[in-house]
1. I'd like to check which helices (runs of 4 or more DSSP H) are fully inside segment 205-306 and have at least 1 residues that are within 30 Å of the chain's Cα centre (by Cα), surrounded by 14 or more Cβ atoms within 10 Å (Cβ to Cβ) and basic (Lys, Arg).
2. Within the set of pairs 6+ apart or on separate chains, which have a first residue in segment 428-449 that is not assigned by TED's automatic domain parsing to the domain that holds Gly479 and hydroxyl-bearing (Ser, Thr, Tyr), a second that is part of a helix (DSSP H, G or I) and modelled with pLDDT of 65 or more, and C-beta atoms under 9 Å apart?
3. Any residue at all in segment 622-633 that is over 24 Å from Gly479 (Cα atoms), without any contact (Cβ under 8 Å) to a residue 40 or more places away in the chain, exposed (fewer than 13 other Cβ atoms within 10 Å of the Cβ) and not basic (Lys, Arg)?
4. Kindly provide the set of residues from segment 535-554 that are under 17 Å from Gly596 (Cα atoms) and crowded, with 23+ Cβ neighbours inside 10 Å, ordered by number.
5. Only one of Val245, Val345, Val291, Val298 is at pLDDT 85 or above and out of contact with any Pro (no Cβ under 6 Å at 6 or more places or on another chain). Can you tell me which?
6. Among the residues that make up segment 393-406, is at least one of them more than 17 Å from Ala317 (Cα to Cα) and modelled with pLDDT under 85?
7. Go through segment 191-245 residue by residue and tally those that are in contact with a Phe, Trp or Tyr (Cβ under 9 Å, 6 or more places away or on another chain), among the polar types (S, T, N, Q) and in contact (Cβ under 8 Å) with a residue 60 or more places away in the chain.
8. Looking at Leu573, Leu590, which is the one that is over 18 Å from Val464 (Cα atoms) and either among the β-branched types (Val, Ile, Thr) or buried (at least 16 other Cβ atoms within 10 Å of the Cβ) (or both)?
Amino acid sequence: MEPGGLLDVLNVASVVLDTQGRIVLWSPWAESLFGYRADEVLGQPADRFMVHERHLDQAAELFADVMRTGEGWAGTFPIRRKDGSTRVVEFRNARLLDKEGNVYGLGLAVDRTTVRRLERKMALSDRVISQSPIGLAVLDTGLRYVSVNPALERINGIPAEEHLGRTVREMLPLVNIDEVEAAVRRVLETGEPLVDQSVRGHTPADPHEEHAWSVSLHRLEDTFGAVLGVAVSITDVTAQYRASVEAETARRRLTTIADATARIGSTLELDRTAHELASVAAAGLADLASVDLLEAVVDGRRTALDPAEPAVLRTLAVRADAGTEVLPAADPSGGVAPWHPEQLVAQCVRTARPVLVPRVSWAAPDHVAGDPGADGALPATGVHSYLAVPLIANGEVLGALALRRIGNPQPFGEDDLLLARELASRAAVQIDNARWYQRARDAALTLQRSMLPRHPPVTGGLEVASRYQPAESTSEVGGDWFDVIPLEGGRTALVVGDVMGSGIAAAASMGRLRTATNTLAALNLDPALLLEHLDRTAAGLDQAIATCLYAVHDPHRRQCRIANAGHLPPVRLRAGCAPELLDLPTGVPLGVGGVGFASTTVDVVPGDRLVFYTDGLVETRQDSLDLRLATLLTLLEGPDRPLEEVCDLLLGTLHQPENPDDVALLIARATPPV
């Protein structure tokens, strides 16, 4: 058997005396207690080393009684240490006989302070364990109960004696026992304590209600490191657990609402707004969410439901928080379905009231699916609860938010309905804004494109390609334009300009400047002179400031005359040479007035290409203009490519969706004159 550690805790000193009172055995703990080494005291009279002068007579009398009568003696007695100090110790004295009949006196001594401290600890431990309101137990290495205090008897509803020798699994099969056993074994193996392990389940003390406990574990070892078992402390935290569940539910709902406020309506795009709503609802409220809008809303029109006709809904967004395998429980995103009156979403949209089905019945289909014949296929997806709330903005029903629970075992309740209605109310306003924004944007783009020229791919001595890219972050029309104007003698005027600002005013100014440019071009004016006339025209407009490049290409002279009014320089591409930004006098924007313009002649031979663009192509908030222009030149390097392909490359690479500016792009390749 392995030794225990109690003697080491007590530090028991052993001393053996012969009949003459001489020391014949002096243990290591005696050395520690009295301060003398064994070689200093062996064979010497004990009274010289162990007893103070004033206690000699008393000590001699006690020693004589033990040796004469053979009766042991126990009590406290002051001793003298080597350093001259006195200490009170507990003594146990007895007479010993060897096989020859020789008599010896045995003395066992322990510091009285150490004994009293140990006694107090044992008494305190016993009272703490028996009176503690916390359940306490000791398990052996086989996970069997060794001891159980009264509090744990009450928690488990089982007497202490019935616990002893039995395992936790045998006593408490209705808790999350696998996790509990794994935790105990981990503490036994590693020695690392485990604090506040959550345990939930039912005990015989209250078999009908689920309780929660906080369990802490630490390994028990003796003084030699041998593992004895695990000490367990258990606190019933059911009230706190239930309160935390309620608080967590409330927090999650507030988080969902905050998330909806931050995420829904981040743009004025109808599809994206619907996906944002579905994403927030699936993450915070349901396992599967879909957003179904009336087709009129998607088309940017007001809704008018005919009672005799089915509601035509388009599923704009579907989001599954439980995995893609549950997607068959909703109609596919982008699909259009005529929902008949018996379908739940149709009921929700037509009545403008929520539809709540806490427990979906597959024996009698609840018409959860959009297709009346699809309900039979839904049980396999695991849908067990359904909720639909209308999307209403300004008194108009736009569609519905449909929610389904699959992995979450709880059915939808009234609290879920309140949260769903709050989400729908917030989202409906954003969806309504997106609808009218989309309509305004479509109208703006139609207006803008109607103002841009329709030019042939080849004019005079040029092959021409162009693009106009509207800004995606605003519904207002911009002021960017380009033009290709045939002139006398096979010449061609190339124009690109940008009216500062946006909106109808900018578009109107752009239209007037474009018209004026076409009129002035017919007069065969030098580009600098033409810009001077345009400058006066711009000055007469209401706060119109514009940049403009005007170039006249002459295929017979193989040159281009260019004047610049505050615009970015064009790029010339020539076979065998690196792309270059043309070095032109910048000039001031149109509308500033009082400053002249200069024309520059640039050689343009057949095969050369000129690239004109507005600032929306190259300017961003993140990068410097020099860096962006360098990127433009890099993209234009390499072999000659079709102009249409080059246009697509530049727009696809340089124009960023978040850029609030539109882009006009014009590329011309010189060809031999006809």
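The values are calculated or read from the model by the stated rules, or taken from the named source; none is laboratory data. Every value quoted in this text rests on a predicted model; they were computed, and no experiment measured them. Note that each Cβ is placed from the backbone with ideal geometry, even for glycine, and that neighbours are counted across all protein chains shown.
1. Output list reads 238-263, 270-284.
2. As it stands, the answer is Tyr437/Leu270, since those pairs meet every condition given.
3. yes
4. Answer for segment 535-554, where residues must be under 17 Å from Gly596 (Cα atoms) and crowded, with 23+ Cβ neighbours inside 10 Å: Asp535, Ala538, Ala546, Thr547, Cys548, Leu549, Tyr550, Ala551.
5. Val291
6. yes
7. Here the count works out to 1.
8. Leu590
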